[in-house]
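> After the structure tokens below, expect a handful of questions from me.
The values are calculated or read from the model by the stated rules, or taken from the named source; none is laboratory data. These numbers were taken from a predicted model, which means no experiment stands behind them. Note that each Cβ is placed from the backbone with ideal geometry, even for glycine, and that neighbours are counted across all protein chains shown.
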Amino acid sequence: MNPHHALLPIVISSMVIVACQSPTANPGKSNDSPSDTSAFRFSVQPAPEWSRLFVRNNGWLGGDGIFTLTKNGSEKTGASADDTTMLWFSDTILGEIIGDSLHEGMKMINNSIAIINKGEPSNSMKFIWDKSKDGSPAAIFLPKTPATDKGDYLWLGDGFVNHQMNNDVNIFGYRIKNEKTTGAFGFREKGNLLITIPANSKPPFKNYKQADIPFYLNKNLDSTGSFGAGVLVNTKEAGAAHGDGYVYIYGLRKTNKEVMVARTRPEDIIKFDKWTFWDGKKWNSDPMQIAAIADHASNELSVSELEDGRYIMVFQVDAIGTGIGVRLGSSPAGPFGQIIKVYDVASELEKDKDIFSYNAKAHPVLSKPGELLISYNVNSFDFANDIKTLPHLYHPRFIRLKYDLR
């Protein structure tokens, strides 16, 4: 299996991290206007009730990635409280843990989903995956586009309910292939695609469609990048207070993890010639002119609207590291301010020198007013051995960031 998606069981401490403005902010004020990208009062605590929800001994034992959406497509804070919420994961392990040991026969699939009702951490959450012809577990989503090669599989990016397209669900995907290597990450991203799940489809979604995203097809994605790291649905139908009718799609590129952004009308999501790309000054129809709006981010992140008109980007600092950071922006395309480090998971990684964390992001629909529920993943460079001694290796962890915008 790829160690890129392996996690470690931890006991989350009760430590609270509290911070106010950055040194450049005006003491006593948090945010004078939407253009202020520095001032931010907050506190952070672990959210153990959410972390415990994913500690399981049978069937679904864990998965990373984790994105969320509500059935009705509302992106507003707390929207899941009155709705059904779908969560989706990339690499997923299935099996059984007996005592403190992982039973033989563990199975890895490349993606799965879960359904939760009323937005509360409840054991009624249902995990779902597909089955192959012989009845063995299988990933729900498989790459089947014209660009797909034998041996390719799918990891999943962010997604949304497309109100302008009959409430279909659109999810971004990354076409991945394993490669022989002496390093820890024996895989390569080969392409970027868009999945469309027809409205009211039942999992495991046998009727989904998919299309290659053409912008960087057959190019080196390490330098050109790909899309789906995060999605902001900035429409009134999704509950945006300052909606402009666009969907903003964030991507990552290069080794310093530059964030880039494209946008399109929801009804044009599959009309790729309708997309435009922020070039640093304006929206440009040429994807090769796209500019970075931030850096030192992670391959999965979130951008969310705050109540005061600003936008908050949540990410793992430098992709793989102990810091969870945020940047504040004056629009969905920025400019975004400096990194504000809100949490450090270093104390939770001390069990093994090979353990690291990655891909923090916020889940507004699972959050309460005045806060953001944030998930992050934990991995090991030596997964095959660490999972033997840490059988609850593979589930997301959560923190709660509370903020004061007064």
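> Condition first: in contact with an Asp or Glu (Cβ under 7 Å, 6 or more places away or on another chain) and under 15 Å from Thr264 (Cβ atoms). Now tell me which residues in the stretch 231-251 satisfy that.
Once the filter is applied, which keeps residues that are in contact with an Asp or Glu (Cβ under 7 Å, 6 or more places away or on another chain) and under 15 Å from Thr264 (Cβ atoms), the stretch 231-251 yields Val231, Val233, Asn234, Ala238.
> Sticking with this structure for a sec: Look at Pro332 and say whether it is in contact (Cβ under 8 Å) with a residue 40 or more places away in the chain, in a loop (DSSP other than H, G, I, E, B) and farther than 22 Å from Gly225 by Cβ.
Numbers: in contact (Cβ under 8 Å) with a residue 40 or more places away in the chain: yes; in a loop (DSSP other than H, G, I, E, B): yes; farther than 22 Å from Gly225 by Cβ: no.
Against the criterion (in contact (Cβ under 8 Å) with a residue 40 or more places away in the chain, in a loop (DSSP other than H, G, I, E, B) and farther than 22 Å from Gly225 by Cβ), Pro332 does not qualify.
> Considering only the stretch 69-105, how many residues are over 18 Å from Asp386 (Cα atoms) and touching a Phe, Trp or Tyr at 6+ places or on another chain (Cβ under 8 Å)? Walk me through it before giving the result.
Of the residues in the stretch 69-105, the ones over 18 Å from Asp386 (Cα atoms) are 69-90.
Now drop any that are not touching a Phe, Trp or Tyr at 6+ places or on another chain (Cβ under 8 Å), which leaves 69, 73, 75, 87-88, 90.
The qualifying residues number 6.
> Considering only residues that are surrounded by fewer than 24 Cβ atoms within 10 Å (Cβ to Cβ) and either of a type in the set (Phe, Trp, Tyr) or assigned to a loop (DSSP other than H, G, I, E, B) (or both), which ones fall in the stretch 368-382?
Lys368, Pro369, Gly370, Phe381, Asp382
> If the requirement is being at pLDDT below 95, of a type outside the set (D, E, K, R) and within 19 Å of Phe127 (Cβ to Cβ), which of these qualifies: Ser101, Ser38, Ser80, Ser51? Give the derivation first.
Numbers: Ser101 fails: within 19 Å of Phe127 (Cβ to Cβ); Ser38 fails: within 19 Å of Phe127 (Cβ to Cβ); Ser80 fails: at pLDDT below 95.
After ruling out the rest, the residue left standing is Ser51.
> Determine whether Ala199 is farther than 27 Å from His395 by Cβ, without any contact (Cβ under 8 Å) to a residue 40 or more places away in the chain and of a type in the set (A, V, I, L, M, F, W, C). Can you show your working first?
Details: farther than 27 Å from His395 by Cβ: yes; without any contact (Cβ under 8 Å) to a residue 40 or more places away in the chain: yes; of a type in the set (A, V, I, L, M, F, W, C): yes.
Against the criterion (farther than 27 Å from His395 by Cβ, without any contact (Cβ under 8 Å) to a residue 40 or more places away in the chain and of a type in the set (A, V, I, L, M, F, W, C)), Ala199 qualifies.
> How many residues are of a type in the set (Gly, Ala, Ser), surrounded by fewer than 24 Cβ atoms within 10 Å (Cβ to Cβ), in contact with a Phe, Trp or Tyr (Cβ under 9 Å, 6 or more places away or on another chain) and in a loop (DSSP other than H, G, I, E, B) when one looks only at the stretch 296-325?
Residues meeting the conditions: 2.
> Something else: Return yes when Phe160 is touching a residue at least 40 places away in the same chain (Cβ under 8 Å) and within 22 Å of Arg265 (Cα to Cα) and no when it is not. Explain how you work it out, then say what you get.
Working: touching a residue at least 40 places away in the same chain (Cβ under 8 Å): yes; within 22 Å of Arg265 (Cα to Cα): yes.
So Phe160 passes the test.
> Mind listing just one residue for me: the one in the stretch 327-349 that is of a type in the set (A, V, I, L, M, F, W, C) and more than 19 Å from Thr255 (Cα to Cα) and, of those, surrounded by the fewest Cβ atoms within 10 Å (Cβ to Cβ)? Step through it out loud before you land on a result.
To start, the set of residues in the stretch 327-349 that are of a type in the set (A, V, I, L, M, F, W, C) comprises 328, 333, 336, 339-340, 342, 345-346, 349.
Next, from what is left, pick out any that are more than 19 Å from Thr255 (Cα to Cα): 328, 333, 336, 340, 342, 345-346, 349.
Details: Leu328: 25, Ala333: 24, Phe336: 23, Ile340: 18, Val342: 24, Val345: 22, Ala346: 10, Leu349: 19.
It comes out as Ala346.
> Here is a further query. With Thr77, Thr68, Thr84, Thr92 as the choices, which residue is surrounded by 22 or more Cβ atoms within 10 Å (Cβ to Cβ) and over 19 Å from Gly173 (Cα atoms)?
Values: Thr68 fails: over 19 Å from Gly173 (Cα atoms); Thr84 fails: surrounded by 22 or more Cβ atoms within 10 Å (Cβ to Cβ); Thr92 fails: over 19 Å from Gly173 (Cα atoms).
After ruling out the rest, the residue left standing is Thr77.
> Then there's this: Any idea how many residues of the stretch 121-177 are buried (at least 23 other Cβ atoms within 10 Å of the Cβ), in contact with an Asp or Glu (Cβ under 7 Å, 6 or more places away or on another chain) and of a type in the set (Val, Ile, Thr)?
Residues meeting the conditions: 1.
> Exactly one condition in (1) surrounded by fewer than 19 Cβ atoms within 10 Å (Cβ to Cβ); (2) more than 18 Å from Ile109 (Cα to Cα); (3) not basic (Lys, Arg) is not met by Pro204; state its number.
Failing condition for Pro204: (2).
> Which of (1) of a type outside the set (D, E, K, R); (2) farther than 20 Å from Gly225 by Cβ; (3) free of Cβ contacts under 8 Å to residues at least 12 places away in the same chain is the odd one out, the single condition Asn284 does not satisfy?
(2)
> Which of the residues belonging to the stretch 218-252 are in a loop (DSSP other than H, G, I, E, B) and either surrounded by 20 or more Cβ atoms within 10 Å (Cβ to Cβ) or at pLDDT 95 or above (or both)?
So in the stretch 218-252, the residues in a loop (DSSP other than H, G, I, E, B) come out as 218-220, 225, 235-245.
Listed by number, the residues that qualify are Gly225, Thr235, Lys236, Glu237, Ala238, Gly239, Ala240, Ala241, Gly243, Asp244, Gly245.
Conditions (1) closer than 18 Å to Lys206 by Cβ; (2) at pLDDT 95 or above; (3) in a strand (DSSP E or B), marked per residue:
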position	(1), (2), (3)
Thr92	no, yes, yes
Ile140	yes, yes, no
Leu154	yes, yes, yes
Tyr174	no, yes, yes
